[in-house]
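Working notes, structure below.
The values are calculated or read from the model by the stated rules, or taken from the named source; none is laboratory data. The model shown is predicted, which means the values in this text are computed figures rather than measured ones. Every residue, glycine as well, gets a Cβ built from its backbone with ideal geometry; the counts of neighbours run over all protein chains shown.
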Amino acid sequence: MNNVLSRYIAENINGDMNLSENDMINYNIKKFNETIEQSKKSDFYSKKLKDIKNIKYLKAIENIPFTSEDEIRENYKKMLCVSIGDVERIVHINTSGSTGKSKTIFFSKKDLEYTVNFFRYGLSQFSEKNDKMLILMPFKNENSVGDLVAKAVCQYGVKPLKYGIVKNFDHALESLKISDSIVGDPVQIQALARYMKFHNINIKLKGILTSSDFILKKTVLEIEDAFQCKVYNHYGLTETAYGGAVECDCHSGMHPRENDIYLEIIDPFTGKIVKDGDFGEIVITTFNREAMPLIRYKTGDRGRFLKKRCACSMNLKCLDYISGRIKREKDRFNIYKMDELIFADKTVLDYKFEASADSADISLITFSPESINKNDIEKIIRQNFITDNLNINIKTFLPDKINYSEFHNGKRKIHNI
């Protein structure tokens, strides 16, 4: 069952649908060499990769050194491969799940055009001409992720409803009622689903794409039940120019954007590639990038390739749902585990977590503050995280008594005060 997404990826690799394993190997070797050549236009990679010559077989990739988050933070200006006049967009980002010194990523116009093409084919799986798509993503700047989604769907006749981050649930529902589909943050969409259920509101959609944040499989099922449609999960990073991997109509895992990105799963401690089916750290190399190509960049995200190929019949890999961040010794809390604990209570729409050296403040948006057992929440947190000598403070807010855009204004993090 070939679908529009897998056809797009395959045709951009070898020009037709007959994509063999050898085709993939030859394409990846070719693109790795092109990317190494482009990256050496920067001061950073010209030094880091000075001993790396053209690779002749895929196994040789393992001899190429990794690029770390800290290297981007400290050397981003030296990683630029084009003149500053050719930079279309500059993005400063923090790591998902925590706060700290930001990373800076550069994009050229062509870099962003590749992303728009990927978005177009991924989103067209559940939307068609004359549909209206509600985009619950940032629109603050031109070529922000919401703007790129809007550009993508306009190419095939879908009208984008440029909403942005949810500010108020009732206000967002007015736009949702005239929409055929949604693209947005999974936690905000889950919050809307719970808000609708509480108020006995029924809205049926054609499809939903979740992106920008980690998603629990329980959340997918809850959203599908609320909106009576399938959820297409997407994994992307700013470092990949937002587009990374997305589910096709078969929903057998996410197809990496293999024409533009090479993914590896490594043991985070040894750096060795793990076999399909085993979890490890996701490593990316960005093909076809002009401004700031990244080579073997360690994302810090935990994932795995599925052993079984997708029913869409393409010779493309499938990435399982991202299962959190790779645990570091310095990490006291994990936002992904926190999701499992807190969202188990379906009266909770969202939460914010702020931690300091001696305290942790948890703010919950809930329909039923009186039903929240703060002692139970504190007990669960102490059972699952390192909380020695830590004061845990829990506050609750009704959804109509809070400005949600201030509470949740993008990818969620544990805020270290």
Within the stretch 115-139, count every residue that is outside any loop (DSSP other than H, G, I, E, B), within 26 Å of Glu11 (Cα to Cα) and not hydrophobic (A, V, I, L, M, F, W, C).
5
Inside the stretch 111-136, can you point out the residues that are within 15 Å of Gly244 (Cβ to Cβ) and of a type outside the set (D, E, K, R)?
Leu112, Tyr114, Thr115, Val116, Asn117, Phe118, Phe119, Tyr121, Gly122, Leu123
What strands (runs of 3 or more DSSP E) lie completely within the stretch 270-368 and have 1 or more residues being more than 20 Å from Thr219 (Cβ to Cβ) and either in contact with a Cys (Cβ under 9 Å, 6 or more places away or on another chain) or among the β-branched types (Val, Ile, Thr) (or both)?
280-286, 297-303
Quick one: what pairs do we get from the stretch 120-149, first residue at positive phi, second buried (at least 21 other Cβ atoms within 10 Å of the Cβ) and part of a loop (DSSP other than H, G, I, E, B), C-beta under 9 Å, 6+ apart or different chains?
Asn130/Val158
Tell me, which strands (runs of 3 or more DSSP E) lie completely within the stretch 199-261 with 1 or more residues that are aromatic (Phe, Trp, Tyr) and either under 30 Å from Thr366 (Cβ atoms) or in contact (Cβ under 8 Å) with a residue 12 or more places away in the chain (or both)?
231-235
Give the residues of the stretch 48-59 that are within 13 Å of Ile295 (Cβ to Cβ) and part of a helix (DSSP H, G or I), sorted by residue number.
Lys48
Which residue is modelled with the lowest pLDDT, if the candidates are limited to the stretch 176-185 and must be within 24 Å of the chain's Cα centre (by Cα) and either part of a helix (DSSP H, G or I) or charged (D, E, K, R) (or both)?
Asp185
Of Phe119, Phe66, Phe44, which residue is under 25 Å from the mean Cα position of the chain (by Cα) and crowded, with 21+ Cβ neighbours inside 10 Å?
Phe119
Give the residue that is nearest to Met79 (Cα to Cα), with candidates limited to residues of the stretch 1-39 that are surrounded by fewer than 19 Cβ atoms within 10 Å (Cβ to Cβ) and among the basic types (Lys, Arg).
Lys30
Report the residue count in the stretch 289-300 for those that are surrounded by fewer than 23 Cβ atoms within 10 Å (Cβ to Cβ) and on the phi < 0 side of the Ramachandran plot.
3
